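Notes follow once the structure below has been shown.
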Amino acid sequence: MIHVDGAGDPASARRSCIDPGIEAARRAYPNVVSVPCVPVRETEARMLADVDVFRTLLGSGAQPALPAEPERDADPKLTLGRLLREGGMRRKPERLYRLFGEEVSLEALRTLPAFQRFEAELVEAIQNVARSLSAPV
């Protein structure tokens, strides 16, 4: 998996950062399997997709105003920090990333177009590896 934040232009980030890396890897290892992971802006948008993680952190009654379309949020890092502060969280958001990574549900992530693309490319890569392993030598 190769990750780069899209910074608002995921197609450009993919062309300038991901594609050259994949090409270099394939020159060195022709059978390498790679999967690009390019959030529209920043990975933090994915943390804004699941209200249940906020309730785990801030209490079951928490009602954070998550963006309806997290990938369209102009500054997901800023929004994440603001929502946590408003909920009474004193720790820096960066110290909570692991929890978000472990707790954000796949169901919530699957509502995000960039994650849908990542998941489709991941499934395709796994299927290609499985086919190559089962092909006669």
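Each value in this text was obtained by applying a stated rule to the coordinates, not by laboratory testing. No experiment lies behind these values; they were computed from the predicted model shown. Glycine also receives a Cβ, built like all others from the backbone with ideal geometry; neighbour counts cover every protein chain displayed.
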D (Stokes-Einstein, µm²/s), Kirkwood Cα radius, the chain, 0.692 mPa s at 37 °C: 198
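Add +1 for every Lys or Arg and -1 for every Asp or Glu among the other residues with Cβ under 14 Å from the Cβ of Arg95, and state the total.
+3
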Burial order of peptide ranges 63-73, 17-27 (average beta-carbon count within 10 Å, highest first): 63-73, 17-27
Candidates Arg15, Arg41, Arg117: whichever shows maximal mean-square fluctuation once the chain is modelled as a Gaussian network with Cα springs under 10 Å: Arg15
Karplus-derived 3J(HN,Hα), 6.51/-1.76/1.60, for each residue of segment 4-10, Hz, glycine and proline x: 8, 6, x, 6, x, 9, x
Candidates Glu102, Glu44, Glu119: whichever shows maximal mean-square fluctuation once the chain is modelled as a Gaussian network with Cα springs under 10 Å: Glu102
